[in-house]
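Remarks on the structure that follows.
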Amino acid sequence: MQSTSTLSFASRLQSFEDQWPENQTAARQLAALGHVCDRPPLESLEEGSRCIDCGLFIPKQTSVQALEGSLTLIASTPFHNPRCPRLQLRIPLESPLTQRYTLNYSSLVERWERRSHGPQSAREPRAALPQTSGLFSLPTELRLQIYAYILPSLDAVTEIVPLHRDSPRIITKAGLERPARRDKTKANLLLACRSVYLEALDLLYANTTFRFDATRTLYLFLRHVGRAGRRMVRAVDVVCGQREDAVAFALLGACGELGSLTVRLGRPKLLLPNPPLWIVDGVACLLALRGLEEVRFAECSKAARMDLSEEKPDAAVLRRELMRAKGEPSGIREVGGLLDL
Ligand SMILES: [Zn+2]
């Protein structure tokens, strides 16, 4: 029988499936960090999760607050005991950074999410009340046209970057390079009401590929845009191969409409011989994505000449796995908890 410390990401995630139906966002991240769902033997004790290596137990409430609520709580939440081998997998913001963060729309989105259903509520949005505003007597196409006039437009490929190195704040690269032209008031349209918010947000996301310089930035973006934003992300282009890969790809798996992914990996194979744990889990979380229509491979930088490119055999494996239908199991054999690529 397999020992617990070699349980794969898929098996770890599976342990949460029926237990935490309303907190799959937290469950995905916990599974990426090496936790399994754990109910202590005594029924009077709290529900939570446990690291399969160091055994640290975290109450469910604590994880949900840190992984679905305020980003700043991550800094004060230990997911492992000191010296746990899984500390090599990083989750952004483990250092105590407590600044407020902004991205053109995302801080507004976060405010709206908090106002409408709160960070701790995982319930689906409540049924909307009937709209009485004249705006909603217009045909949808016309409303979308109006939003398009008001909202700042995103480029077809919009690069998201950290505001400063190590900062939890993120911004579009265009916004960073032209600070004088940023007009944050335009995005206030998103705060008008929930119906406008959802329609207008969809407009922003529908035709945009979000590009990230690192999986850390991708993770911050996916947290900033909240549940509603994650439901609308369609296309992502990301440089991977870092210690934040596992948690970022685990969270990307919560983006139900994701159709296109461009992978930029600076090594020729997904797994090198005797890979460290952070690479194994990063690849496992990437391979667990499902239902994509398009998977592409691109260079990390001009300098790198060893990238995982279209011709490499692992590219075909990755494409095959990611284009499987949602819920379909992996076609890759596991040997002692390791993927047999
Ligand atoms: Zn641990």
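The values are calculated or read from the model by the stated rules, or taken from the named source; none is laboratory data. Bear in mind the structure is a predicted one, so any value in this text is a computation, not a measurement. Glycine gets a Cβ as well: all are built from the backbone with ideal geometry, and neighbour counts include every protein chain shown. For accessibility, only protein heavy atoms count, side chains too; no ligands or nucleic acids. Shrake-Rupley method; radii C 1.70, N 1.55, O 1.52, S 1.80 Å.
For segment 206-211, putting each phi into the Karplus relation 6.51 cos²θ - 1.76 cosθ + 1.60 with θ = phi - 60° gives couplings of 4, 10, 10, 9, 8, 10 Hz, in residue order, rounded to whole numbers and with x for Gly and Pro. P(r) for segment 1-88, from all Cα pairs and a bin width of 10 Å, is 18, 53, 27, 2 %, short bins first. Of the solvent-accessible surface of segment 200-262, computed with a 1.4 Å probe over protein heavy atoms with every protein chain present, carbon and sulfur atoms account for 41 percent. Between Ala254 and any residue 5 or more places off or on another chain, the built amide H atoms are never under 5 Å apart. A cut-off under 13 angstrom between Cβ atoms defines the neighbours of Glu328, and their net charge, with Lys, Arg +1 and Asp, Glu -1, is +3. Charge tally around Pro313: other residues with Cβ under 12 Å, Lys/Arg +1 each, Asp/Glu -1 each, net +1. What the phi angles of segment 255-262 give under the Karplus curve with 6.51, -1.76 and 1.60, with θ = phi - 60°, is a coupling list of 8, x, 9, 4, x, 9, 9, 10 Hz, glycine and proline written as x. With all pairs of separate Cα atoms included, segment 185-341 yields a Kirkwood hydrodynamic radius of 16.4 Å. Ligands, DNA and RNA left out, the 1.4 Å accessible surface of segment 1-88 is 51% carbon and sulfur atoms. One decimal place: the segment Met323-Ser301 gains 5.3 nm when fully extended, by the rule 0.36 nm per residue minus the C-alpha distance. Amide H contacts for Glu159 (H built 1.01 Å from N in the peptide plane; partners 5 or more residues away or on another chain; cut-off under 5 Å): Lys173, Ala174, Arg211.
Here the Karplus curve 6.51 cos²θ - 1.76 cosθ + 1.60, taken at θ = phi - 60°, turns the phi angles of segment 56-66 into couplings of 4, 9, 10, x, 3, 4, 5, 5, 4, 5, 6 Hz, with x standing for Gly and Pro. Per residue, segment 165-307 exposes 39 Å² of solvent-accessible protein surface, assessed with a 1.4 angstrom probe and all protein chains in place.
Considering only alpha-carbon pairs that sit under 8 angstrom and 6 or more positions apart, the relative contact order computed for segment 1-88 is 22 percent. Enumerate the residues in segment 209-240 having an amide nitrogen under 13 Å from the point lying 7 Å beyond the Cα of Thr77 toward its Cβ. Only 223 pass the distance filter.
Amide H contacts of Ile170: Thr102, Leu163, each under 5 Å away and 5 or more positions distant or on a separate chain (H built 1.01 Å from N in the peptide plane; Pro and chain starts excluded). I'd like the distance between the alpha-carbon centres of segment 221-268 and segment 188-210, rounded to an integer number of Å. Each part reduced to its Cα centre gives a spacing of 19 Å.
Expected output is a single nm value to one decimal: the length gained when fully extending between Arg267 and Glu294, i.e. 0.36 nm times separation in residues minus the C-alpha distance. What is it? Using 0.36 nm per residue and subtracting the Cα-Cα distance, I get 7.6 nm. Placing dummy labels 7 Å off each Cα toward the beta-carbon, the span from Gln61 to Asn274 is 4.6 nm.
Near Leu286, once Lys and Arg are set to +1 and Asp and Glu to -1 for all other residues with Cβ below 9 Å from its Cβ, the sum equals -2.
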